[in-house]
Amino acid sequence: MFPNLEVLFLSNNNLTSIGDSEDTLARLFPNLRCINLHNSGLNDWEDIEKLNLFPRLEEVKVLGIPLLQEYSTEERRQLIIARLPSVSVLNASLVSAGEREDAERFFIRYYIDRPKEELGKRYYELVTKYGNLEPLAVVDLRPQSSAKIEVHFEGRVEVMTVRLDQTVAEFRKQLKDVVQLSTSNMRIYYYDQEMVKAFGPEEIKFSSRALHSYGIRDGDAIHVVPKAK
């Protein structure tokens, strides 16, 4: 028994598992507050969960172990935090209440489609706390690469597909053959199909600006007029 031990270093060793019983671990280190398991040989989540048996444990350091190699940096941290509800410092970084909630919710979603035999006690504890969560939707936040728009000029309408990663200067060159105007003699107005009634058209005039920055989408309209002489 080590009743006065508060910090335990088990880093850089070949420890592959924590084999002691629950009762033994609780009695051996009743006042342990910090444990360092960096670069040890732990390779099972059950060993991480056994750290909960130390009644006063607050800080855990655990990097470079075989168990974590297949996970991303974010996944490692969230899955560990979710399994250790009493730990307030992980790998020298404070665990906030918001981060803990995010990690616990992530834990549920991470394992939600796994077979029941792989879902341990902690999963069901968190489901009791938060309920059965829906998987997060995958949202593509990249700008739309092209759009099919209407080009209006002197009563005519041409439907064309434009690249949204091009600049306004490049777009002027694309319009040149459609409207039969020189690039220096055209004014371009963008009509957002949802916003035009409230705010009117927006002139497209900055040569180096990318088209996608205007929020152009399929179905929007471009009106081209010659510059006044």
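Which percent of the accessible area of the stretch 1-152 is formed by carbon and sulfur heavy atoms (probe 1.4 angstrom)?
On the way: 4490 of 9100 Å².
Ligands and nucleic acids excluded, carbon and sulfur reach 49 percent.
Expressed as an acute angle from 0 to 90° and rounded to the nearest 10, what is the orientation of the C-alpha long axis of helix 168-179 relative to the principal long axis of the chain?
The helix 168-179 is inclined about 40 degrees to the chain.
Could you check what % of the DSSP bridge pairs in the chain are antiparallel, to the nearest 5? Display every interim value, and only then the final one.
Values: 20 of 31 bridges.
Counting only bridges with both partners in the chain, antiparallel ones make up about 65 percent.
Could you derive backbone 3J(HN,Hα) for the stretch 91-107 from the dihedral phi with the Karplus parameters 6.51, -1.76 and 1.60 (θ = phi - 60°), listing whole Hz in sequence and x where the residue is Gly or Pro?
Per residue, the Karplus-derived 3J(HN,Hα) values read 6, 6, 10, 5, 9, 7, 5, x, 5, 5, 4, 4, 5, 5, 5, 4, 4 Hz.
Quick one: in the stretch 112-229, what % of C-alpha pairs are over 23 Å apart? It would help to have the intermediate numbers written out before the result.
Details: 3131 of 6903 pairs.
Beyond 23 Å sits 45 percent of the P(r) for the stretch 112-229.
Checking a compactness column here: for the stretch 57-119, what do you get for Rg(Cα) / (2.2 N^0.38 Å), N being the number of residues?
On the way: Rg = 12.0 Å, N = 63, 2.2 N^0.38 = 10.6 Å.
Relative to the rule-of-thumb radius for its length, the stretch 57-119 sits at 1.13.
Val157: net charge of surrounding residues, Cβ under 15 Å, Lys/Arg +1, Asp/Glu -1, itself excluded?
On the way: positive: Lys148, Arg156; negative: Glu150, Glu154, Glu158, Asp220.
Result for the local shell: -2.
Based only on the alpha carbon positions, what is the Kirkwood hydrodynamic radius of the stretch 1-97, in angstrom?
Details: mean 1/r = 0.0741 Å⁻¹.
That comes to 13.5 Å for the stretch 1-97.
Using modelled backbone amide H atoms (1.01 Å from N, in-plane), which distant-in-sequence or interchain residues come within less than 5 Å of Arg163's amide H?
Excluding prolines and chain starts, which carry no amide H, there are no hits.
For Arg114 and Glu158 in the same chain, what is the full-extension length gain: residue separation times 0.36 nm, less their Cα-Cα distance, in nm?
So the extension gain works out to 10.6 nm.
Calculate, for the chain, the solvent-accessible area per residue in square angstrom, rolling a 1.4 angstrom probe over the heavy atoms of the protein chains. Could you put the intermediate results ahead of the total?
On the way: 13880 Å² over 229 residues.
In whole numbers, the chain has 61 Å² accessible per residue.
Could you give log10 I(q)/I(0) at q = 0.08 Å⁻¹ for the chain, computed by the Debye formula over C-alpha point scatterers of equal weight, without solvent?
Debye output, listed in q order: -0.55.
The values are calculated or read from the model by the stated rules, or taken from the named source; none is laboratory data. Fair warning: this is a prediction, and the values are worked out from it, not measured in the lab. Cβ coordinates were reconstructed from backbone atoms using ideal geometry, including for glycine residues, and neighbour counts include every protein chain displayed. Accessible surface is based on the protein model in full, side chains and every heavy atom, while ligands, DNA and RNA are left aside. Shrake-Rupley method; radii C 1.70, N 1.55, O 1.52, S 1.80 Å.
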